[in-house]
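Each remark here refers to the structure printed beneath this line.
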Amino acid sequence: MTDYKFEGWLGLDASSAEGKMQWGEFEPKPWEETDIDIKISHCGICGSDLHTLRSGWVVRVGSQVKHLALGDRVGVGAQSDSCCSRMGKPCEACESGQENYCPNRHVGTYNGVYLNGGKSYGGYATYNRVPARFAVKIPEGISSAEAAPMLCGGVTTYAPLKHHGAGPGKTVGIVGLGGLGHFGVMWAKALGADKVVVISRTNAKKEDALKMGADEFIATAEDPRWGKTHANTIDLIVCTVSQTDMPVQDYFNLLKFDGVFVQVGLPDDGFPTFQQKPLIFKRIKITGSLIGSPDDIREMFDLALAKGVKPWISTIPMKDANQAIVDFEKGAPRYRFVLENEPEAKASL
């Protein structure tokens, strides 16, 4: 038995997304000796929680866990279990360190069901229990508040940029400068891309983009010639927006021969329709990317340390989570909200 309670903000019905979550106790997944318990210090807010992700200190370690110890500062991203070695021979994705593409059992950090039947509750809480395989040590030099949004939004853009060769000699385009897009700009620069171009509707965020490291800014609603002016100039585009009516045909025209378009935003009503001509005449590739693996997160932390990448965040007491998600839905973050379990906040819950 533990001497601490698992408590957090519970989404009991659809009205929770309107700022009506309720604080209460929850039952973590049944303990296994491959698990750890984490005392949560910080938790990021993502658009699909809305995604939950968390960082904090290890307070209980299973006897079969060898890479973590009591007191370690760790983070867990938007995935916290997969088939790994739990269903006999692991799948090819898990065996190759790409657990985020496990075809057998992809368990989200919240609103999921673990292989032992327990539920995953996310990080708007005081404590949580997860399989240790999905916990990553946070290096000294990265604060817990900075690490929290990197664990989901950060790795969601880092992974495709790294996989598709963003680096010297490449021009990278980032569609959308929100919580995901601002990471995309900084990772592309940190990876050494020759030029980073932000593509947005208006110039409202141009100054921020340039401060983050962007070299160029395209405002599609304010420049009627943007498609022609910038045609065939970009090697790799990472699209972070989720609008079904986004002008993907024009985005494709920005790509050079053999260019790559990566979709990481998830439109509710499906991807926009498009003409196939650019695929045939320029041999461009259209693909997607899903969060990142624990190994991706470790690589990302190393890059952040080496290049001094720091997310633009606002910390909010955990007690104000309901207001935070309302403000999030209104587009208030510049560019990530992070919930913080401060002693004062917990005392007033």
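The values are calculated or read from the model by the stated rules, or taken from the named source; none is laboratory data. This one's a predicted model, so the numbers in the text were calculated from it and none came from an experiment. Cβ coordinates were reconstructed from backbone atoms using ideal geometry, including for glycine residues, and neighbour counts include every protein chain displayed. Heads up: the accessible areas ignore ligands, DNA and RNA and are worked out on the full protein's heavy atoms, side chains in. Shrake-Rupley method; radii C 1.70, N 1.55, O 1.52, S 1.80 Å.
Brief remarks on what is shown
- Search result, residues across the stretch 155-171 that are part of a helix (DSSP H, G or I) and surrounded by fewer than 21 Cβ atoms within 10 Å (Cβ to Cβ): Lys162, His163
One line per residue, one yes/no per condition, for (1) at pLDDT 95 or above; (2) β-branched (Val, Ile, Thr); (3) more than 30 Å from Met21 (Cα to Cα):
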| residue | (1), (2), (3) |
| --- | --- |
| Asp269 | no, no, no |
| Pro272 | no, no, yes |
| Gly292 | yes, no, no |
| Arg298 | yes, no, yes |
| Asp302 | yes, no, yes |
| Pro311 | yes, no, no |
| Asp320 | yes, no, no |
| Ala345 | no, no, no |
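- Among the residues examined, Gln323 qualifies as more than 27 Å from Ala190 (Cβ to Cβ), out of contact with any Phe, Trp or Tyr (no Cβ under 7 Å at 6 or more places or on another chain) and not charged (D, E, K, R).
- Single unsatisfied condition, Ser85 versus (1) modelled with pLDDT under 95; (2) outside any loop (DSSP other than H, G, I, E, B); (3) surrounded by fewer than 18 Cβ atoms within 10 Å (Cβ to Cβ): (2)
- Close pairs (8 angstrom Cβ cut-off, 6 or more residues apart or separate chains): open to solvent by 50 Å² or more (accessible area, probe 1.4 Å) in the stretch 57-71, among the small types (Gly, Ala, Ser) anywhere: Trp57/Ser41; Trp57/Gly71; His67/Ala132
- When restricted to residues that are free of Cβ contacts under 8 Å to residues at least 24 places away in the same chain and assigned to a helix (DSSP H, G or I), the stretch 251-278 contains 1.
- Residue within the stretch 337-349 that is in contact with a Ser or Thr (Cβ under 6 Å, 6 or more places away or on another chain), open to solvent by less than 40 Å² (accessible area, probe 1.4 Å) and assigned to a loop (DSSP other than H, G, I, E, B) present: yes
- Restricted to the stretch 121-154, and to residues there that are closer than 28 Å to Cys91 by Cβ, charged (D, E, K, R) and not in a helix (DSSP H, G or I), the residue that is most open to solvent (accessible area, probe 1.4 Å) is Lys137.
- Residue match in the stretch 265-281 (condition: surrounded by 18 or more Cβ atoms within 10 Å (Cβ to Cβ) and over 17 Å from Thr171 (Cα atoms)): yes
- Scanning the stretch 183-201 for residues that are surrounded by fewer than 24 Cβ atoms within 10 Å (Cβ to Cβ) and under 17 Å from Asn232 (Cα atoms) returns Asp194, Lys195, Val197.
- Answer from Gly153, Gly123, Gly184, Gly118 - the residue that is over 21 Å from Leu305 (Cβ atoms), among the small types (Gly, Ala, Ser) and touching a strand residue (DSSP E or B) at 6+ places or on another chain (Cβ under 7 Å): Gly123
- Of all residues making up the stretch 211-229, the number that are within 27 Å of the chain's Cα centre (by Cα) and without any contact (Cβ under 8 Å) to a residue 12 or more places away in the chain: 1
- Residue match in the stretch 292-306 (condition: open to solvent by 50 Å² or more (accessible area, probe 1.4 Å) and over 23 Å from the mean Cα position of the chain (by Cα)): no
- Note on the stretch 102-120: residues that are assigned to a loop (DSSP other than H, G, I, E, B) and at positive phi amount to 1.
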